[in-house]
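Notes for the one structure printed next.
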Amino acid sequence: MAAIAITGGAIGLGIGVGLQKIGSNIISGILLLITKPIRHGVVIVFEKSSTGSDWGWVMQIGLNNVQLAPRSGSLMLIPNEVFVTQKIENLSYDDNNLRLEIPIGVAYKSDLNKAKILALGAATSIERILKIPEPKCLVMEFGDSTVNLELRVWINDPQNGIDNVRDAVLKAVWDSFHANEIEISFPQRDLHIKDDVPLEILKESPQPVAKDSTEIDSDKERAAD
């Protein structure tokens with residue numbers, strides 16, 4: 001009877017936890033359908049794993065889960081409670097306009113005004129970059145080894161990819177900077193020796209001279225005596 005009671009209690013606990021999760025997802029699904037923080041076709045950013053986040057567009061909202069299509073071509077089923085309890089970024093809530101912040105670092109000896117003009121020209125050469133709002137290039141900070149710029153551009157089709165826009169912009173900036181002798185900085189350090197350090201040479205003790213075979217044999221004979 002005790003074994004039956006323990007087994008029944010464990011089964012009941014498992015069923016209770018499972019029903020609790022199902023109930024939580026159903027209630028979260030009803031809240032999503034009523035409040036509509038996400039809709040069919042919108043692009044959202046979600047936490048993929050501890051290593052970072054991923055993005056995709058909503059295909060269907062059900063009572064238990066949301067079907068999300070990432071750029072990998074697969075279909076993800078995300079429990080509804082994730083969209084209620086966790087932070088989700090909706091990239092196309094009101095419209096499809098999305099601003100991208102692209103960091104760029106140039107060397108201190110570079111002409112900042114020229115670098116900003118070249119970066120803006122490289123950005124406007126990309127077809128998917130919007131002219132209105134117009135791209136902007138700002139000086140963000142003076143770093144240890146680089147002057148940090150940030151190129152801000154807008155797109156209106158995030159469903160066609162975000163990282164490929166960054167790739168196109170950075171490649172255009174790379175080509176433009178190299179053609180106009182703007183150096184993209186990298187971490188480096190300069191070593192300055194202020195004072196001469198006196199070098200003291202200590203005279204070492206003379207090394208013992210190795211004995212030849214005859215001396216070794218005579219030592220052995222004296223030791224035997």
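The values are calculated or read from the model by the stated rules, or taken from the named source; none is laboratory data. The model shown is predicted, which means the values in this text are computed figures rather than measured ones. With ideal geometry, Cβ positions are generated from the backbone for all residues, glycine too; neighbour counts draw on all protein chains shown. Side chains are part of the model used for accessible areas, which takes the heavy atoms of the whole protein and leaves out ligands, DNA and RNA. Shrake-Rupley method; radii C 1.70, N 1.55, O 1.52, S 1.80 Å.
Things to note:
- Every residue from segment 168-203 that is exposed (fewer than 12 other Cβ atoms within 10 Å of the Cβ) and modelled with pLDDT of 90 or more: His178, Ala179
- Extreme residue, modelled with the lowest pLDDT, among residues of segment 149-167 that are part of a loop (DSSP other than H, G, I, E, B) and open to solvent by less than 30 Å² (accessible area, probe 1.4 Å): Gly161
- Just one of the listed residues (Ile117, Ile104, Ile78) is in a strand (DSSP E or B), free of Cβ contacts under 8 Å to residues at least 60 places away in the same chain and farther than 17 Å from Asn156 by Cβ, and it is Ile78.
- Residue match in segment 85-96 (condition: over 30 Å from Gly143 (Cβ atoms), in a loop (DSSP other than H, G, I, E, B) and free of Cβ contacts under 8 Å to residues at least 12 places away in the same chain): yes
- Checked against (1) aliphatic (A, V, I, L, M); (2) open to solvent by 70 Å² or more (accessible area, probe 1.4 Å); (3) part of a loop (DSSP other than H, G, I, E, B), Met140 passes all but condition (3).
- Qualifying residue in segment 14-34 (condition: at pLDDT 80 or above and loosely packed, with under 10 Cβ neighbours inside 10 Å): yes
- Top-ranked residue of segment 86-107 - restricted to ones that are modelled with pLDDT of 80 or more and not aliphatic (A, V, I, L, M), ranked as surrounded by the most Cβ atoms within 10 Å (Cβ to Cβ): Gly105
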